[in-house]
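The values are calculated or read from the model by the stated rules, or taken from the named source; none is laboratory data. All values reported here derive from a predicted model rather than from experimental measurement. Every residue, glycine as well, gets a Cβ built from its backbone with ideal geometry; the counts of neighbours run over all protein chains shown. The protein model used for the area step is the full one, side chains on, heavy atoms only, and it has no ligands, DNA or RNA in it. Shrake-Rupley method; radii C 1.70, N 1.55, O 1.52, S 1.80 Å.
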Amino acid sequence: MSDFVILPEQDRSTYCTAKQYKDLYRQSVEDPDAFWLGQANRLDWFKAPTRGGEWSYDPVEIAWFADGTLNLCHNAVDRHLDQRADTTALIFEPDDPASAARILTYRQLHGEVVGMANALKALGVGKGDRVTIYMPMVIEGLLAMLACARIGAIHSVVFGGFSPEALAGRIVNCGSRFVVTADTGLRGGKVVPLKANVDAALDHDGVEVDGVLVVRHTGADVAMAGGRDHWYHELVSDAECPCEPMNAEDPLFILYTSGSTGKPKGVLHTTGGYGVWTATTFHYVFDYQPGEIHWCTADIGWVTGHSYIVYGPLMNGATSLVFEGVPNYPDHGRFWDVIDKHQVNILYTAPTAIRALMREGDHFVTSRSRKSLRLLGTVGEPINPEAWRWYFDVVGEKRLPIIDTWWQTETGGIMITTLPAAHDMKPGSAGLPFFGVRPQLVGAEGEVLEGATSGNLCIRHSWPGQSRTVYGDHERFVQTYFSTYKGKYFTGDGCRRDEDGYYWITGRVDDVINVSGHRMGTAEVESALVLHPLVAEAAVVGYPHDIKGQGIYCYVTLNAGEAGGEELAAELRQYVRKEIGPIATPDHIQFTDGLPKTRSGKIMRRILRKIAENDYGSLGDTSTLADPTLVDRLIEGRQNS
Ligand code: 6R9
């Protein structure tokens, strides 16, 4: 019990105490339908649902609230016009602190969203169409998402840091015929050529779109293709544009995420379940009080941005801060400047940002006030206790609760976390399951492990925010999540449960790595490397990295007679950046004359991981290798590189 961090008694004003958590959790698992139909009342329905969860994991079919009708743009925007039209909905803080911040009330947001919805309609977008959103972190990115929801189109947001190649693949995969972008974006003072990237993506074979909507953001000169490209400010109009009534199970969005095999998959979320999940988790987990300023530092290109910059906060009538920049520009005090400037109460960020700022010393933090802060949150990867301590001691001055929230693109919203007033914290542990979440730890043979133990993290019983399918490939959905352990959703994460029932996520157990909180399939990086004409084969693993959590380590074999060197390594890095984007840039490339394989030809990644970690003592059994002498050469190569 000694590992608990207990805050002094104080007014942790709240919707949920320890006792209430116990009662509500019990209700949520004893009678999930009654519980979730009750929570569904948080939303405004055109037709209220009477049906709760209707789902099976074999065959895999998932539905919640299937007879309900609603619109999430109505819930995020229009419904607030009666009560809080003049409340601030969004605060925009630009990359350059000298540029003006922008503030939108719910009334103004409504006007802007209607304008964007009309622009999309003028472009030709209709209900059910997929719209690719490739935007900087500016208000118009959120407007595009909400406008899609308003007219019943399905948004697919692609992170603005992805390359034209990656963008093209995502446009083709979901058959999107429309793209929303901006002239250029700004991040840390650097220009991101978004429109030019879209043009390059659309030049790829097989990529065909009907219309590109271009937001003028920086005013940079960009090429506009006649007939295809349209300026947003020329199509925007304030004509009436009612919210389309959507069935609860109509798709809301597709978001691409990396898996252990093949290309990224389009995780699909539907309207009612995702709406209820994000509205409910936002309310309880952030304990949001009216008037507070909520700041989630993610990008809308990731699920965290979808759920806790856009839908969760706005459906709760909260004020959400949208930040265009990065934590270290113009200096490492930017986060704390933004917090003081806008009097932020809730900060929700990622361990990688915390570690990067920690490294720069306390001065950047302690020279700013931060008095407005009430709650600190983290998401995206395991937080090491050292970083947790710094976040708690230095940023929070030992007075602020930290919520370490575990969840995934596929889960729609937060699944495991402590609640700020209900639970004491343990540095490094996400905590306890949210309402309706029933985690199970499963052993290698599929056996369910009870009590304090470690295993593979599965979730039994569906929850409303669960992804419904992989867009266009339901079989892949079934294979990825429901076939490893029959009757359960398999998360891909390893996990320990302690004697207090707290969950400690230990990281991915599949071939997915987590680099600065970004999920990446090692297979994707390998595919990019082997595109190089001199590369015969590549194997990519993650290894511990001080700032990024995991770094990208590549073992590369070349065609016979070729030799590797610094120049080729630089070229290979460039290949990966081009195929995926800068976030996938390899940290380390080791040329080798072979990869450790079993006699049946399977690469033994376990060995490659250990060598990348510089951990040679525990290589385990290498006797099944086709060429056991290779291990020594790999170690030698590691030490010399
Ligand atoms: C929301 C998000 C999901 C993967 C997940 C896990 C890791 C996320 C975490 C965490 C430990 C936390 N992860 N939150 N690990 N503690 N609090 O990040 O979604 O991009 O799909 O990544 O991230 O490995 O499986 P996504």
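Things to note:
- Selection from Val365, Thr319, Thr352 lying farthest towards where the dipole of region 307-369 points positive, charges on Cβ: Thr352
- Solvent-accessible area per residue, Å², over the chain with all protein chains present [probe radius 1.4 Å]: 37
- Cα shape, region 1-89, gyration tensor, a/c 1.5 rule: oblate
- Nearest-20 debye value, region 227-346 charge dipole, Cβ charges on Lys, Arg, Asp, Glu: 480
- Ranking Thr629, Ala34, Pro427 by Cα position along the charge dipole of the chain, where only Lys, Arg, Asp and Glu carry charges on their C-beta atoms, puts Ala34 farthest toward the positive end.
- Note on the chain: helix-only mean residue ellipticity at 222 nm, from DSSP H runs of 4+ residues weighted -39500 (n - 2.57) and normalised by residue number, equals -8000 deg cm²/dmol.
- Kirkwood radius for the chain, taken over all pairs of different Cα atoms as the inverse mean of 1/r, rounds to 25.4 Å.
- Under 16 Å from Lys341, Cα to Cα: aspartates and glutamates that are on another chain or at least 8 residues apart: Glu93, Asp95, Asp96, Glu292, Glu324, Asp331
- Charging the Cβ of each Asp and Glu at -1 and of each Lys and Arg at +1, and nothing else, the dipole of the chain about its Cα centre rounds to 620 debye.
- Total charge dipole magnitude, region 500-641, about the Cα centre, Cβ charges on Lys, Arg, Asp, Glu only, Debye to nearest 20: 300
- The chain - percent of accessible surface contributed by carbon and sulfur, probe 1.4 Å: 49
- Candidate aspartates and glutamates for bridging to Lys22, where Cα separation is under 13 Å - those fewer than 8 sequence places away on the same chain excluded: Glu30
- Where GluC sites (Glu not before Pro) in DSSP loops with at most 14 other Cβ within 10 Å are excluded, longest remaining stretch of the chain: 10-207
- For the set Lys190/Lys578; Lys371/Lys398; Lys265/Lys597, the pairs lying more than 22 angstrom apart at their alpha carbons are Lys265/Lys597.
- DSSP beta bridges in the chain [antiparallel fraction, %, rounded to 5]: 60
- Here Lys548 is the anchor, and the lysines within straight C-alpha reach of less than 19 Å, apart from those fewer than 8 places off in the same chain, are Lys610.
- Cα-projected label distance for Thr14 with Gln83, points at 7 Å along beta-carbon direction, nm: 2.3
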